[in-house]
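Scroll down for the structure; my scribbles are underneath it.
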Amino acid sequence: MTAPRDDTRQGRLRVLATVACLALLLGAASVLAPALTGLSAAQWMPPLLRAQATPTPTQPAAPAPPAAPAAPVTPTSPVTPTAAPPVTPASPVPSVPVPPPGPAAPSPFVPQPGVPPQVVPPQRVVEVVIQGNVHVPTEQVLNTVSTKVNDPLNEEKVRNDVQAILATGLFADAVVRLEPLPEGVRVIFIVVENPVVTSVVVRGNTVKPTDVIVKALGVQTGQVLNTVAIREGARAVEKLYQDAGYILARVSDVAVSDQGVLTVTLAEGRIEAVKIEGLHKTKDFVVRRELSFGPGDVFNANDVNASLKRLFQLQYFSDVKAQPGPGTTPDTVDVTIIVTEQKTASVGFGVGYYTTAGLEGILSYRDSDFGGNGQSVLAQYNSSALNGGGYTLQFHEPYFEGTRTAMDLQIYNVVSIPTDYSLGLANPFSYNMYQTGGSASFAQPLTGKRNSPYTLSYGLKYVNTTFGQPYVGTNPPANFVFTPGTVTALVLGAIEDTRDDPLDPTTGEHVTLSLESALTALGGNFTFQKYELDYARFFPMGPGTTVVGHAHLGAASGPLPLQEQYYLGGQNTLRGYASGRFRGDDMVLLTGEYHFPISNLPLLHTFTGLTGIVFADAGDTEPFSKGFNFTPHYDYGLGIAIKTGFGPFRLDYGFSSEGNQLWISTGVTF
């Protein structure tokens, strides 16, 4: 019975083979199952967009390097994402540090070495979720992103959405997670809000109040910090400083604490040192006392320009400029004032012949920067064959005893030969007038500001006057009343000066009120009061073009001595009439002028630096007994002015019903 035994043995072998095959298949399946699972759960998603897959013990995920720390801004409730590395744009200021990103796995969107590229069909977005927001409404964030439900998943689009969320300035960081769903994918944006601002602290400000800076920042407490608004607010603060001339000021730091305290630090840009270059005659202190800034002050371009303007108006220098440079520490600057000196002293000598005085010689010395101390002096001596010698001494100290009070002293002994027209233009006569005297006056700003437009002046005047018959010409009538004697008077005045340039004004006004009170108690022979108002207004009409209005009023408390009366006619008054043509105890003078560049005229374009003038005058004087019953006299004319190293030089030619007059003058008319 061997055959059955063989069949049984073959059947047993077939069973064993079948079992072995099943065991091999089960072993292969156990080995391939994890790999197949990993492929289905991870390999179809890009590394920056995939959902976080928990690594198996057999497949540990390599940790990504930690992200660099951001600016010192700490979120109030940090959210730690479990997803892959975030899409992180340039961090706003201030920024909030976040924990390092999670591990990354290879992405089929980016070819990997040794792995052939895979084509993955686009996934449909079935849900968009915002996580991590506490104070910012979810709807506000959803309105920011462009990824919407039912859109095909787009890697670039999702990246841009992360950028858009960060661009709102409300979040310190934002990442995205993708979760697979049977019908598509869920997109989850995980955000980290900036802290809620509880208060604002400003440091480093000295020239602008804190409340003004906080207002310019535009940050509101109780709301989530917006870094975009902070940037705009910082620019607004810097513009606030720059508009006021503080061009070096900047916001140096912005930080927020865990408690939501926003700290804004300013670097205003301070002056470390002021240097003076180019001085030879003028002393260093003469320049420094005209500067409205010094070491330790915040640099202000307006103050520097105003100081340079004052230095140039001294007429000590032909050129003045400032050169800022870096200091020894950050946010400091050295300012170097560079000047070019010009001649300030002159000696004059002249010889002339006058019908009233004969041959006359004049010798003078003038220096507007005497000894380099910023003082001005004038010494003049004149001698004529008929009148003998006379002299005038003047001294001006702009900073008396180191203060901003100016002092003026004058001593003189002069002889003049006025022509009197009280009997009419056809019957003039002359007389000699000898005057010896002097004056001392002080002018003090009414405010402590360097550029104060208001000044108070006070002083004392002493003049002794005698009269005599003229050496030549017509003698005065026998009944002509002379008033020899001594006038001792107190002089008070108030000045407002808002002109842009005292030597060549184009805008602003100049007002002078004065009172002269002569008293016998002071040792004089007369008692009277004189009141004067002088007003000039400058209206700019265009480049180099100005309209000037001027009024000069004078009144007296009673009849005045002959030598103290008001006179009209001549330069600076009625320019179409002879000098001293009208005199009286009360006076009114009105003037209008139009200034324009000569180079604006046809065929004269090369004559730069010359100013043409068209003028008209009206005025009258009357004795005290007639009150203010004036009969105006009119004139008009043309003039030309040019700037010189010693001030403006001017020619005026006036026309009137009594003839024409030519006048040469220096200095400012009004």
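The values are calculated or read from the model by the stated rules, or taken from the named source; none is laboratory data. Remember, it's a predicted structure, so these values are computed and weren't measured experimentally. In this analysis, Cβ positions are derived from the backbone assuming ideal geometry, glycine residues included, and neighbour counts consider all displayed protein chains. To get the accessible areas, we keep the full protein, side chains included, count just its heavy atoms, and leave off ligands, DNA and RNA. Shrake-Rupley method; radii C 1.70, N 1.55, O 1.52, S 1.80 Å.
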Checklist entry - Counting alpha carbon pairs within less than 8 Å and at least 6 residues apart, what relative contact order, in whole percent, applies to segment 191-271? => result 38 percent
Item to check | Rel. contact order, % - alpha carbon contacts under 8 angstrom, at least six apart, segment 273-392 | outcome: 22 percent
Next on the checklist: Just want to confirm a number: the relative contact order over segment 137-200, from Cα pairs under 8 angstrom separated by 6+ residues, in percent.
Outcome noted: 23 percent
Checklist outcome for this item: Taking every alpha carbon pair in segment 146-246 and sorting the distances into 10 angstrom bins from 0 up to the bin holding the longest one, the percent per bin comes out as 13, 32, 22, 17, 11, 4, 1
Item to check | Largest to smallest principal axis extent of the C-alpha atoms in segment 285-327, angstrom | outcome: 30, 17, 17
Checklist entry - Under 5 Å between amide H atoms, partner at least 5 residues away or on a different chain: which partners does residue 170 have, H built in plane at 1.01 Å? => result 227
Checklist entry - Quick one: Karplus J couplings for segment 185-200, per residue in order, coefficients 6.51, -1.76, 1.60, θ = phi - 60°, nearest Hz, x for Gly and Pro? => result 9, 9, 9, 10, 9, 9, 10, 10, 5, 5, x, 7, 6, 9, 7, 10
Checklist entry - How big is segment 441-597 by the Kirkwood estimate over distinct Cα pairs, in Å? => result 18.2 Å
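Restricting to Cα atoms and excluding each atom paired with itself, what does the Kirkwood estimate give for segment 524-662 in Å?
Numbers: mean 1/r = 0.0605 Å⁻¹.
That comes to 16.5 Å for segment 524-662.
Suppose accessible area is computed on protein heavy atoms with a 1.4 Å probe; arrange 309, 530 from highest to lowest.
On the way: 309 85, 530 20 Å².
My answer, sorted largest first, is 309, 530.
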Item to check | Accessible area per residue, Å², segment 561-670 with all protein chains present, probe 1.4 Å | outcome: 48 Å²
Checklist outcome for this item: Phi angles of segment 390-404, converted by Karplus (6.51 cos²θ - 1.76 cosθ + 1.60, θ = phi - 60°) into ³J(HN,Hα) in whole Hz with x for Gly and Pro, give x, 8, 9, 10, 9, 9, 10, 10, x, 10, 5, 6, x, 9, 8
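At 0.36 nm per residue, minus the direct Cα-Cα distance, what do residue 557 and residue 263 gain on full extension? Give it in nm, one decimal, please. Don't skip to the end; give the middle numbers.
Numbers: separation 294, 0.36 × 294 = 105.84 nm, distance 6.79 nm.
99.1 nm is the gain from fully extending residue 557 to residue 263.
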Checklist entry - What nm value, rounded to one decimal, do you get for the distance between residue 422 and residue 305 when each label is placed 7 Å out toward the C-beta? => result 5.5 nm
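Seen from all sides and averaged, what is the projected area of the convex hull of the Cα atoms in segment 391-488, in nm²?
Working: hull surface 36.0 nm².
Directional mean of the projected Cα hull area for segment 391-488 stands at 9.0 nm².
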Checklist entry - Counting only the heavy atoms of the protein chains, how much of residue 433 is accessible to a 1.4 Å probe, in Å² to the nearest 10? => result 30 Å²
Item to check | Order of exposure, largest accessible area first, which applies to 442, 628, 370 with probe 1.4 Å | outcome: 628, 370, 442
Checklist entry - If ligands, DNA and RNA are left out, what is the accessible area of residue 253 with a 1.4 Å probe, given in Å² to the nearest 10? => result 70 Å²
Checklist entry - To the nearest 10 square angstrom, what accessible area does residue 135 show with a 1.4 Å probe? => result 110 Å²
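Just to make sure I understand: if all protein chains stay in place, what is the order of 235, 575 by accessible area at 1.4 Å, largest first? Walk me through the intermediate numbers first.
On the way: 235 140, 575 5 Å².
The ordering from most to least exposed comes out as 235, 575.
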Checklist entry - What FRET efficiency do you get for residue 500 and residue 363 if R0 is 51 Å and r is their Cβ-Cβ distance, rounded to the nearest 0.05? => result 0.85
Checklist entry - Å³ per residue of the Cα convex hull, for segment 238-340? => result 96 Å³
Next on the checklist: Could you work out what % of the accessible surface of segment 407-539 is carbon and sulfur, using a 1.4 angstrom probe and leaving DNA, RNA and ligands out of the count?
Outcome noted: 59 percent
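Taking 0.36 nm per residue of separation and subtracting the Cα-Cα distance, what length does fully extending residue 629 through residue 277 add? Please list the in-between numbers first.
On the way: separation 352, 0.36 × 352 = 126.72 nm, distance 5.98 nm.
Stretched out fully, the residue 629 to residue 277 stretch lengthens by 120.7 nm.
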Checklist entry - If you roll a 1.4 Å probe over the heavy atoms of the protein chains, what accessible area per residue do you get for segment 431-515, in Å²? => result 51 Å²
Next on the checklist: With θ taken as phi - 60° and the coefficients 6.51, -1.76 and 1.60, list the Karplus ³J(HN,Hα) couplings across segment 524-539 in order, rounded to whole Hz; mark glycine and proline as x.
Outcome noted: x, 9, 10, 10, 6, 10, 10, 10, 9, 10, 10, 9, 9, 10, 10, 10
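For segment 597-670, what class follows from the C-alpha gyration tensor (a ≥ b ≥ c being the square roots of its eigenvalues): rounded when a/c is under 1.5, otherwise prolate if a/b is larger than b/c, else oblate? Working shown, then result.
On the way: a/c = 3.35, a/b = 2.13, b/c = 1.57.
In terms of gyration-tensor shape, prolate.
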Item to check | Under 5 Å, built H, 5+ apart or other chain: amide partners of residue 317 | outcome: 342
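Return an integer: the convex hull volume of the alpha-carbon atoms of segment 379-424, in Å³ per residue.
Working: hull volume 4.9 nm³, N = 46.
Each residue corresponds to 105 Å³ of Cα convex hull volume.
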Checklist outcome for this item: Descending packing, highest mean Cβ count within 10 Å first, for 270-282, 239-251 is 239-251, 270-282
Item to check | Hits among lysines - C-alpha to C-alpha of residue 343 under 23 Å, sequence gap 8 or more where chains match | outcome: 275, 281, 283, 309, 321, 643
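Please report, largest first and rounded to whole Å, the three semi-axes of the ellipsoid equivalent to segment 269-416, where each semi-axis is the square root of five times an eigenvalue of the C-alpha gyration tensor. Could the numbers behind the result be given before it?
Numbers: eigenvalues 385, 42, 21 Å².
For segment 269-416, the ellipsoid semi-axes come out as 44, 15, 10 Å.
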Next on the checklist: Give me the Å³ per residue figure for the convex hull around the C-alpha atoms of segment 131-180.
Outcome noted: 85 Å³
